[in-house]
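**Student:** Mind having a look at this structure? Questions to follow.
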């Protein structure tokens, strides 16, 4: 596995790979790898000639009071994990190499970015869309793989790639969970023992909501109230930032679960804000 | 010369050209070609294996009260001109093929876009930056050529390409002028006879300002006052939208002409808003 930190060098390599007609599978990450990340790497490994993983804790997608400074990092471990997963190139740029001091260009995706995490993190998706555009320009991948845990991010990137005609296929992959259902996240290390015991109820609450939708209950208020009651009862250490039902593509709130609907939640624990979501599939109308 | 109107087809062609290691020179235009355009095409023809010219009157860069509907068009003439200039591909997409009904992604370049034309046309450069990003993704050029008449546009695109790591070399080329100094523009057809007689004074006023700077006058107010007086005296049919001295890269106003400075003007005639600019080179300090 080759480690590349210079963006210019990464771009030269990617241009050469394109000349050689190699397919390039790309997994953009912020590091601190867990099985959620490796599942994306393995997906790319099975389908691409060359697998590139970027490891970049992007300052532009953190708000001023968020956890940029203490975002967990472990480059030695990440290097080993990536090598074991068959990654060919680990791209590890420095923030100073990615952003000129007078950088002033932003990619924004209106609508899709507005609700859910975009409501509590107003510049987050602008930072995500801008850095992913930059990474796509540097890595020039055939396809890029994103986890469905960040489903709004996946929707934002999919819309952006379509709207800007970026020649990259965007692939979403299922959430990887602990045995008790907690979605894997680099931020789970910040949970206290008690919080860790309560956190799986985020998934269980969403599962219960999805089950109600699957059973034919179409009123979103009823579905969400049930999920909210479960969280209140079993995860009292978490403050619900949002719990919503949205359209899978536009990420706009829906009132009636008449087709596929994403149930999404963000829960703030003392030192970690966790997100999770689940696709609910209501039964077809008779 | 091949005419391509489908964006998907354009992108497939450009990916093949890249595989074949062809250099692609690209000239994005809104059509109604004059010698300003052909000078860019000829520059590209001399340096690229394949020359692509796009002809797209981009609705997103026109404000609600601007001249989108009457922007001059003559596709038959343009086709002939492009073929004579040795263009290989004329890319003529429809607006509906370029923008999905729910398109919501925008590229913005703060700072560089704010003053001059950005002040009177608040969404103009957002529309330009977004469509040029799209065109770059579709055409995938080695280099792209822009006229210096739209010098703020050139500064916006240069900054954008740098900030987003877009692998395209941006080239600016000198303004082409009529014998009397009027900068060529597709909008010159909208000038009345009297306005056409007065319009060359835009260039003469900027020339006079540049001459003052070259003679060692560093106070920008003095330089601009002289240029403004000339416009008031000799181009009274035009209303000055702006007349400013700015830094050539950041497009921010300067107060002292201590180094290269762009003198830029926009003048509104009855049916045409004309822009022009000139690089002023003050003498080096002793």
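The values are calculated or read from the model by the stated rules, or taken from the named source; none is laboratory data. It should be emphasised that the depicted structure is a prediction, and the values quoted were computed from it without experimental measurement. Cβ sites come from the backbone with ideal geometry, for glycine too, and all protein chains shown count toward neighbours.
**Student:** Taking segment B:96-105 only, how many residues are without any contact (Cβ under 8 Å) to a residue 24 or more places away in the chain and either facing chain A (nearest Cβ under 10 Å) or at positive phi (or both)?
**Tutor:** Residues meeting the conditions: 4.
**Student:** Going by the conditions given, is residue A:241 touching a residue at least 60 places away in the same chain (Cβ under 8 Å), within 21 Å of residue A:187 (Cβ to Cβ) and buried (at least 21 other Cβ atoms within 10 Å of the Cβ)?
**Tutor:** Spelling it out, it is not the case that residue A:241 is touching a residue at least 60 places away in the same chain (Cβ under 8 Å), within 21 Å of residue A:187 (Cβ to Cβ) and buried (at least 21 other Cβ atoms within 10 Å of the Cβ).
**Student:** Next up: State yes or no: is residue A:90 within 8 Å of another protein chain (Cβ to nearest Cβ) and within 12 Å of residue A:28 (Cα to Cα)?
**Tutor:** Spelling it out, it is not the case that residue A:90 is within 8 Å of another protein chain (Cβ to nearest Cβ) and within 12 Å of residue A:28 (Cα to Cα).
**Student:** Here are some conditions: (1) within 7 Å of chain B (Cβ to nearest Cβ); (2) within 21 Å of residue A:277 (Cβ to Cβ); (3) free of Cβ contacts under 8 Å to residues at least 60 places away in the same chain. Residue A:108 meets all but one. Which one does it not meet?
**Tutor:** Among (1) within 7 Å of chain B (Cβ to nearest Cβ); (2) within 21 Å of residue A:277 (Cβ to Cβ); (3) free of Cβ contacts under 8 Å to residues at least 60 places away in the same chain, the lone unmet condition for residue A:108 is (2).
**Student:** What pairs come up if the first residue lies in segment B:184-199 and is at pLDDT 95 or above, the second is buried (at least 17 other Cβ atoms within 10 Å of the Cβ) and in a helix (DSSP H, G or I), and their beta carbons are under 6 Å apart, counting only those six or more places apart or on different chains?
**Tutor:** Between residues of segment B:184-199 that are at pLDDT 95 or above and residues that are buried (at least 17 other Cβ atoms within 10 Å of the Cβ) and in a helix (DSSP H, G or I), the close pairs are B:184/B:36.
Each row is one residue, and each column tells you yes or no for (1) outside any strand (DSSP E or B); (2) in the same structural domain as residue A:122 (by TED's automatic domain parsing); (3) at pLDDT 95 or above.
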site	(1), (2), (3)
A:13	yes, yes, yes
A:27	no, yes, yes
A:39	yes, yes, yes
A:42	yes, yes, yes
A:66	yes, yes, no
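**Student:** In addition: As an exercise: evaluate residue B:51 against (1) crowded, with 21+ Cβ neighbours inside 10 Å; (2) more than 14 Å from chain A (Cβ to nearest Cβ); (3) closer than 19 Å to residue B:154 by Cα and give the number of the one condition it does not meet.
**Tutor:** So residue B:51 meets the others, but not (3).
**Student:** Looking only at segment B:88-116, how many residues end up being part of a loop (DSSP other than H, G, I, E, B) and crowded, with 24+ Cβ neighbours inside 10 Å?
**Tutor:** 2
**Student:** Out of curiosity, is residue B:39 touching a helix residue (DSSP H, G or I) at 6+ places or on another chain (Cβ under 9 Å) and either away from every other protein chain (no Cβ under 14 Å) or closer than 20 Å to residue B:73 by Cβ (or both)?
**Tutor:** The answer is no for residue B:39.
**Student:** Could you please find all residues in segment B:117-171 being part of a loop (DSSP other than H, G, I, E, B), more than 10 Å from chain A (Cβ to nearest Cβ) and surrounded by fewer than 24 Cβ atoms within 10 Å (Cβ to Cβ)?
**Tutor:** The answer is B:121, B:122, B:123, B:142.
**Student:** Conditions: (1) more than 14 Å from chain A (Cβ to nearest Cβ); (2) buried (at least 18 other Cβ atoms within 10 Å of the Cβ). Residue B:178 meets all but one. Number of the miss?
**Tutor:** (2)
**Student:** Let me ask you something else. Mind telling me which of the residues A:282, A:248, A:260, A:236 ends up being touching a residue at least 24 places away in the same chain (Cβ under 8 Å) and surrounded by fewer than 16 Cβ atoms within 10 Å (Cβ to Cβ)?
**Tutor:** A:236
**Student:** Something else about it: Taking only segment A:44-64 into account, find how many residues are within 16 Å of the chain's Cα centre (by Cα), within 25 Å of residue A:9 (Cβ to Cβ) and assigned to a loop (DSSP other than H, G, I, E, B).
**Tutor:** Residues meeting the conditions: 3.
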